[in-house]
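K.L.:
Mind having a look at this structure? Questions to follow.
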Amino acid sequence: MTVQSLQAEPAAVAAQPVLVRPTKSFYKRNDSFMVGAASVIVFTAVWEALWAAGFINELFFSGPSAIFARLYSGLFTRGDMLEHVWFSAQNFLSGFLIATALGIPLGILLGWYRAPRLVLDPFITAFYSTPRIVFVPLIIMWFGLGLGSKVVIVFMSAFFPILLNVMAGVRTTDDQLLGAGRAFCATQWDLFRTIVLPSSVPFIIVGLRQGLAHGLIGVVVGEFFAGSSGIGYLIGEAANSFKTDLLFACVFIVAGVGIGVSALLQQIEQHFQRWRPANN
Amino acid sequence: MTTPKLIAKDVSKVFWIEGEDKPVHALDHVSLSVGDGEFVCIVGPSGCGKTTFLNIAAGLLKHDGGSMEIAGNLSNGPGRDRAVVFQQARLLPWRTTFGNVRYGMELHRRFDEAQMDERTQRFIDLVGLNGAERRHPGELSGGMQQRVNLARALAVDPEILLMDEPFAALDAQTREFMQAELLRIWRETRKTVMFVTHQIDEAVFLADRVVVFGTKPGRFKAEFKVDFPRPRTLSLKRDPRFLALMDDIWGLIEEEAQRAGLLHAYETEARP
Ligand SMILES: Nc1ncnc2c1ncn2[C@@H]1O[C@H](COP(=O)(O)OP(=O)(O)OP(=O)(O)O)[C@@H](O)[C@H]1O
Ligand SMILES: [Mg+2]
């Protein structure tokens, strides 16, 4: 009886599920980029309109077209910004690469072994919780006004976020997985290679991104304080002489580098995290 | 009869717990042996030291007294002669089914690359995961994850398989099917198994011998020979002799629980 009454029901829904892999539209696949781009375009348009209409005082602020023109001439036609960009790039890259090259291995070491962690912990905590800017005058005193002191400042700014995140990543490795590895006779190196390192990848990337942000602050602040070249120096100069278009051009370069490298790191992270089940 | 694969003699273990004056006697002079090809289940009230005993056998925990011999060698630390199937599957989330089953062999370093690939596929097929080789653990059901866990342990070709409540986290239905599956797999591989469980019906269904642990201190209390013919099917669980044996074992565990104050505590808790 029940069966019959069920059959009598009108077929309101399709009897068979659709066996086609669902495809996402171009918009669905790129929604975060497209919404973000649209929002930036609208913002810039409004800003430019206000600028063109004369609502913005040139002495304290600037407009997109003026900034872009200054950026273009500074980098390509007049080329007066090139020297400073190059100087800062050298400072930043050297400092950041040294911080990465030392921060990741040391973070792993201190995360994995207790004894060296106990020895170094007070110093790391002290350095990390002190604003690094207080060391800038001292570093300039020690390493001079040129490239050396800037590299050291970038290094110090980027090193601690990298170190601490990598340490945290190693220390939060799942004990259950380590136990499983040990039960199958894993050596310390096996555990590190097959469990600790893969599970630390997100932490390492976060460390690098924080290090990047702090390193950029470091390079600008260092050049701002002393010396006669670099983006930081140029920002100070531009502000003192009310060249707001030049000032904003510098700000955009720094922001552009930050966004670019950060996006690159995100790509790297996604490459390592492909195994995570997609949750949209 | 050939020599046993596991011989525990007077194995004892105490835990000192922060803030408690007296140590917990997790195991008190436990002696037990598991014969070659035998399937032994350990049951007992919660906290009687079953997991502790299994971890000592696995070499993951050091015992304080007595001796633990695995496949003829005194155990001190994990060894290539045994494999553990954990309660939680403990799979590497970034590896596929194939990679996870292969993982144990990679760590054991007993087979060459080609052998590892061949065995990985063989044991994936054996546990019925054919077709799911390329899925990651996050894309497997709980029952499928436990199959991977089991295949990883079997693939290293251990002398003895140590299993700690491997089906406890599964729903009742999946658990029953997995029990039947385990017996099929066991028939094909003829491994020696020591299997810890809470479920008396699971123990009686699977085992050649059921060992009952007592609690406070954790110790060997009794053992029951289970000689229902094999191959066994799930319908055995409704056989009156099966139920009678379960009753006997349950009686002992209840007695232990009462003696240890566990049952009394539950009664008073249940009262409104
Ligand atoms: N690492 C540890 N530190 C301190 N005490 C422990 C530790 N592991 C176990 N114990 C204690 O030892 C006793 C036995 O624990 P064990 O986990 O072996 O019991 P079990 O029989 O597996 O229980 P269950 O059936 O609930 O899993 C318990 O009293 C527990 O509190
Ligand atoms: Mg247990």
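K.L.:
Just the Kirkwood number for region B:124-174, please: inverse of mean 1/r across all distinct Cα pairs, in Å, one decimal.
P.N.:
Working: mean 1/r = 0.0843 Å⁻¹.
One over the average 1/r among Cα pairs gives 11.9 Å for region B:124-174.
K.L.:
Residue farthest toward the positive end of the dipole of chain B, with Cβ of Lys/Arg at +1 and Asp/Glu at -1: which of B:Pro137, B:Ala58, B:Leu236?
P.N.:
Of B:Pro137, B:Ala58, B:Leu236, it is B:Pro137.
K.L.:
If you take every residue apart from B:Gly66 with its C-beta less than 15 Å away from the C-beta of B:Gly66, what net charge results, scoring Lys and Arg +1 and Asp and Glu -1?
P.N.:
Working: positive: B:Lys9, B:Lys13, B:Lys62, B:Arg219; negative: B:Asp10, B:Asp28, B:Asp64, B:Glu69.
Around B:Gly66, the charge tally is 0.
K.L.:
Turning to a different aspect of this structure: Applying a 10 Å radius around every beta-carbon, put A:157-164, A:225-232, A:208-215 in order of their mean neighbour count, most first.
P.N.:
Details: A:157-164: 26.1, A:225-232: 21.0, A:208-215: 22.8.
Result, highest mean first: A:157-164, A:208-215, A:225-232.
K.L.:
Considering the convex hull of the alpha carbon atoms of the protein assembly as shown, report its projected area averaged over all viewing directions, in nm², one decimal. Write out the running numbers ahead of the final one.
P.N.:
Details: hull surface 165.1 nm².
Projected over every direction and averaged, the Cα hull of the protein assembly as shown covers 41.3 nm².
K.L.:
Which of the chymotrypsin sites (Phe, Trp or Tyr not before Pro) across region B:2-99 are loop residues per DSSP, with 11 or fewer other Cβ within 10 Å?
P.N.:
Working: sites: B:Phe15, B:Trp16, B:Phe39, B:Phe53, B:Phe86, B:Trp94, B:Phe98; in loops: B:Trp16, B:Phe86, B:Trp94.
Here the chymotrypsin sites (Phe, Trp or Tyr not before Pro) that fit, given the DSSP loop and packing criteria, are B:Trp16.
K.L.:
Any chance you could give the angle, 0 to 90 degrees and rounded to 10, that helix A:82-112 forms with the longest Cα principal axis of chain A?
P.N.:
The two axes meet at around 50 degrees.
K.L.:
Another question about this same structure. Could you please report the charge total around A:Leu191, scoring K, R as +1 and D, E as -1 over all other residues with beta-carbon less than 12 angstrom from its beta-carbon?
P.N.:
Details: positive: A:Arg182, A:Arg193; negative: A:Asp174, A:Asp175, A:Asp190.
Value of the local net charge: -1.
K.L.:
Net charge within 15 Å of B:Glu106 by Cβ-Cβ distance, Lys/Arg positive one each and Asp/Glu negative one each, not counting B:Glu106 itself?
P.N.:
Details: positive: A:Arg182, A:Arg193, B:Arg80, B:Arg95, B:Arg102, B:Arg109, B:Arg110, B:Arg119, B:Arg152; negative: A:Asp190, B:Asp112, B:Glu113, B:Asp117, B:Glu118, B:Asp157.
In short, +3.
K.L.:
Okay, moving on. Which value, in debye to the nearest 20, describes the size of the charge dipole of the protein assembly as shown about its Cα centre when Lys and Arg Cβ atoms bear +1, Asp and Glu Cβ atoms bear -1, and nothing else is charged?
P.N.:
Values: 53 positive and 53 negative charges, 151 e Å.
Roughly 720 debye, rounded to the nearest 20.
K.L.:
Can you give the translational diffusion coefficient of chain A in µm²/s, computed by Stokes-Einstein from the Kirkwood radius over Cα pairs at 4 °C and 1.567 mPa s? Spell out each step's value before the answer.
P.N.:
Values: Rh = 23.0 Å.
The diffusion coefficient I find is 56 µm²/s.
K.L.:
Between A:Phe55, A:Met156, A:Gly79, whose Cα lies farthest towards the positive end of the dipole of the protein assembly as shown when Lys and Arg beta carbons carry +1 and Asp and Glu beta carbons carry -1, centred on the Cα centre?
P.N.:
Checked the options; the winner is A:Gly79.
K.L.:
Here is a further query. Just in region B:1-81: which GluC sites (Glu not before Pro) are loop by DSSP and have at most 13 other Cβ atoms within 10 Å?
P.N.:
Details: sites: B:Glu18, B:Glu20, B:Glu38, B:Glu69; in loops: B:Glu18, B:Glu20, B:Glu38.
The qualifying sites are B:Glu18, B:Glu20.
K.L.:
Something else: Report, in debye and to the nearest 20, how large the dipole of region B:9-147 comes out about its Cα centre when Lys and Arg carry +1 and Asp and Glu carry -1 on their Cβ. Let's see the in-between values first.
P.N.:
Working: 17 positive and 18 negative charges, 65 e Å.
Roughly 320 debye for region B:9-147.
K.L.:
Starting from one equal scatterer on each C-alpha and no solvent at all, send me the Debye-based log10 I(q)/I(0) for region B:151-190 at q = 0.14, 0.21, 0.29 Å⁻¹, two decimals.
P.N.:
Rounded to two decimals, the profile gives -0.34, -0.74, -1.12.
K.L.:
Along the charge dipole of the protein assembly as shown, pointing to its positive end and built from +1/-1 on Cβ of Lys, Arg, Asp and Glu, which listed residue (B:Leu150, B:Val40, A:Gly258) has its Cα farthest out?
P.N.:
The one lying farthest along the dipole's positive direction is A:Gly258.
K.L.:
Placing unit charges on C-beta atoms (Lys and Arg positive, Asp and Glu negative, everything else neutral), compute the dipole magnitude of region B:159-232 about its Cα centre in debye, rounded to 20.
P.N.:
Details: 12 positive and 12 negative charges, 63 e Å.
The calculation lands at about 300 debye.
K.L.:
Within a 10 angstrom radius of each residue's Cβ in B:104-112, how many Cβ atoms of other chains show up on average? Whole number is fine. Write down the numbers at each step before the final one.
P.N.:
Details: counts 6, 1, 4, 11, 3, 3, 1, 0, 0.
Across the residues of B:104-112, the mean count of other-chain Cβ atoms within 10 Å is 3.
K.L.:
Find the centroid of the Cα atoms in region B:36-52 and in region B:135-191, then give the distance between the two in whole Å.
P.N.:
So the two Cα centres are separated by 17 Å.
K.L.:
On a 0 to 90 degree scale, rounded to 10, what angle separates helix A:197-225 from the longest Cα axis of chain A?
P.N.:
20 degrees
K.L.:
Further question on the same structure: Once you have the Cα-Cα distance between A:Tyr128 and A:Glu58, take 0.36 nm times their residue separation minus that, and quote the gain in nm to one decimal. Mind showing how you got there, number by number?
P.N.:
Details: separation 70, 0.36 × 70 = 25.20 nm, distance 3.98 nm.
Full extension of this stretch gives 21.2 nm more.
K.L.:
Restricting everything to alpha-carbon atoms, can you work out Rg to Rh for region A:50-141 with a Kirkwood hydrodynamic radius?
P.N.:
Working: Rg = 21.9 Å, Rh = 17.9 Å.
Rg/Rh for region A:50-141 comes to 1.22.
K.L.:
For chain B, what are the per-bin percents of Cα-Cα distances with bins 5 Å wide, up to the bin holding the maximum?
P.N.:
1, 6, 12, 16, 18, 17, 13, 9, 5, 2, 1, 0, 0
K.L.:
Show that you can apply the helix-only estimate: for chain B, add -39,500 (n - 2.57) for every DSSP H stretch of four or more residues, divide by all residues, and state [θ] at 222 nm to the nearest 500. Show your work: numbers first, answer last.
P.N.:
Details: 8 runs with 103 residues, N = 272.
Mean residue ellipticity, 222 nm, calculated: -12000 deg cm²/dmol.
K.L.:
Given a cut-off of 22 Å, name the pairs among B:Lys50/B:Lys216; B:Lys13/B:Lys216; B:Lys9/B:Lys237; B:Lys9/B:Lys216 whose C-alpha atoms lie farther apart than that in the structure shown. Display every interim value, and only then the final one.
P.N.:
Details: B:Lys50/B:Lys216 12 Å; B:Lys13/B:Lys216 12 Å; B:Lys9/B:Lys237 33 Å; B:Lys9/B:Lys216 19 Å.
In this structure, B:Lys9/B:Lys237 exceed 22 Å between Cα atoms.
K.L.:
Once the Cα atoms of helix B:240-259 and of chain B are each reduced to a long axis, what angle between those two axes, in degrees from 0 to 90 to the nearest 10, is obtained?
P.N.:
60 degrees
K.L.:
Place the peptides B:54-67, B:205-218, A:40-53, B:249-262 in order of packing, highest mean first, counting for every residue the other Cβ atoms within 10 Å and averaging per peptide. Provide the component values of the computation, followed by the final result.
P.N.:
Working: B:54-67: 18.7, B:205-218: 22.1, A:40-53: 12.5, B:249-262: 16.6.
Result, highest mean first: B:205-218, B:54-67, B:249-262, A:40-53.
K.L.:
Moving on. Going by Cα centres, region B:207-239 and region A:240-270 are how many Å apart?
P.N.:
70 Å
Where a number appears in this text, it was derived from the coordinates with a stated rule and is not lab data. All of these numbers come straight from a predicted model, not from anything done at the bench. Positions of Cβ are backbone-derived with ideal geometry, glycine not excepted, and every protein chain shown enters the neighbour counts.
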